[in-house]
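I have placed the structure first, in the form of structure tokens, so that the comments after it can refer back to it.
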Amino acid sequence: MPVQSPDLISELLRGMRLSGVKYRRIEASAPFGVAFSQAPGKAQFHFVSHGSAVLRMESGATFHLNSGDALFIPNGNAHALLSDENASVTPVQAFPSEPICNSVCAITCEPCPESEHTVIFSGCMDFELGGMQPLIKAMPEVMMVSRLMSTWPEIHPLLAAMERESMTRQVGFAGILARLADVVAALIVRGWVEAGCGKATGWVQVLRDPRLSRAIYAMHQQPGVNWSVAELAKEAGTSRSVFAERFLSATGTTPAKYLSELRMRLAIQYIRHEHQAIETVALRLGYGSLAAFSRAFKRIVGHAPGTLRETSQTPEEV
């Protein structure tokens, strides 16, 4: 009888969070070049609502973008948007910007009247997958929405709405654009996972192995349980030694260390985003005392859990 794989994709999307988002509406005429520096822990989203551009990654990879193209850069790699591959590049922070609303500002590059203008809606955000954060490192450098068009037709009307809002600039357009961008980014991530995660290896094996998925799912559903390797092997339906070997091969860590790190990622989510009391979080995640939780948190995260209350959610300029 085959082992059924639990819905880890739903678990992944449930923990997905795009927070501290700062958007820019960039209007430029050729020749132009806008550089975005590396931003560890953050993701970048770009949508070309009018005209065309070239995306050049720091790795040297290039992508030609046309009106209606959207893309997601999950690991915050440095890159540039250019009118052509020979255009000179200027850091995005060097351009004057004008606030449109709390989360969106407008940038106008030096215009050239003879050239057709290009409009790009761009976002920088904290990208989190909750307990499944390690999966981000397995994602490709650039995730193009165009590769999902035939499989996920629901993206079409969302992009069409983004194009209308970006071009017509009606009252409230900035807030609507930001919400649409959040949904499109989530669809890009979901499409990549449901399509088999491309050629990614490593941690992605967890999503492909139904036995490992059962054990991982159990930890995610009950992170406060002090799971033993034997108990997890039973969930996976394998022997203890086979499970431990498979787990280490797929995740690069041990079940005990994975559970500890999972608890800390969830603790950050509960404290920072859901504003739960630290004592409540400690008990919820299986720690017998606040002191034990604080020691574990500081050892894994690098600072005391109380500092999360002081952390600003406004992203840095990148």
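The values are calculated or read from the model by the stated rules, or taken from the named source; none is laboratory data. Everything quoted here is computed from the prediction, not taken from an experiment. FYI the Cβ positions are ideal-geometry reconstructions off the backbone, even for glycines, and counts take in every protein chain you see. The accessibility values were calculated without ligands, DNA or RNA, using every heavy atom of the protein model including side chains. Shrake-Rupley method; radii C 1.70, N 1.55, O 1.52, S 1.80 Å.
Within region 149-159, is there a residue that is open to solvent by 70 Å² or more (accessible area, probe 1.4 Å) and either under 22 Å from Thr118 (Cα atoms) or at pLDDT 85 or above (or both)? Yes, region 149-159 has at least one match.
Can you go through His303, His275 and tell me which one is modelled with pLDDT of 90 or more and open to solvent by 60 Å² or more (accessible area, probe 1.4 Å)?
Working: His275 fails: modelled with pLDDT of 90 or more.
Among His303, His275, only His303 is modelled with pLDDT of 90 or more and open to solvent by 60 Å² or more (accessible area, probe 1.4 Å).
A search for C-beta distances below 7 Å between a residue of region 52-77 that is closer than 16 Å to Ser122 by Cβ and in contact (Cβ under 8 Å) with a residue 60 or more places away in the chain and any residue that is outside any loop (DSSP other than H, G, I, E, B) and among the basic types (Lys, Arg), counting only pairs 6+ apart in sequence or on different chains, returns Gly76/Lys42.
Quick check: is even one residue across region 22-39 free of Cβ contacts under 8 Å to residues at least 40 places away in the same chain and surrounded by fewer than 20 Cβ atoms within 10 Å (Cβ to Cβ)?
So the first thing to find is which residues in region 22-39 are free of Cβ contacts under 8 Å to residues at least 40 places away in the same chain, and the list is none.
Scanning region 22-39 turns up no residue that is free of Cβ contacts under 8 Å to residues at least 40 places away in the same chain and surrounded by fewer than 20 Cβ atoms within 10 Å (Cβ to Cβ).
You will find that of Gln44, Gln93, the residue that is closer than 14 Å to Ser122 by Cα and open to solvent by less than 50 Å² (accessible area, probe 1.4 Å) is Gln44 and no other. Does Thr238 count as under 21 Å from Ala138 (Cα atoms) and in contact with a helix residue (DSSP H, G or I) (Cβ under 7 Å, 6 or more places away or on another chain)? No. I'd like the residue in region 4-52 that is β-branched (Val, Ile, Thr) and touching a Ser or Thr at 6+ places or on another chain (Cβ under 9 Å) and, out of all such residues, is modelled with the lowest pLDDT. Result: Val21.
So, of the residues in region 96-117 that are open to solvent by less than 10 Å² (accessible area, probe 1.4 Å) and within 19 Å of Ala30 (Cα to Cα), which turns out to be modelled with the highest pLDDT? Ranking the candidates gives Ile107 first. Applying the condition of being among the small types (Gly, Ala, Ser) and either closer than 13 Å to Val48 by Cβ or open to solvent by 30 Å² or more (accessible area, probe 1.4 Å) (or both) to region 65-87 and asking which residue is modelled with the highest pLDDT yields Ser83.
In region 217-260, which residues are part of a loop (DSSP other than H, G, I, E, B), open to solvent by less than 30 Å² (accessible area, probe 1.4 Å) and either without any contact (Cβ under 8 Å) to a residue 60 or more places away in the chain or over 21 Å from Ala292 (Cα atoms) (or both)? Passing the criteria: only Thr253.
So which residues in region 164-177 are open to solvent by 10 Å² or more (accessible area, probe 1.4 Å), at pLDDT 75 or above and part of a helix (DSSP H, G or I), if there are any at all? Let's see the steps before the verdict.
At the first step, the residues of region 164-177 found to be open to solvent by 10 Å² or more (accessible area, probe 1.4 Å) are 164-165, 167-173, 175-176.
Filter once more, so that each one left must be at pLDDT 75 or above: 164-165, 170-173, 175-176.
Residues satisfying the conditions are Arg164, Glu165, Phe173, Gly175, Ile176.
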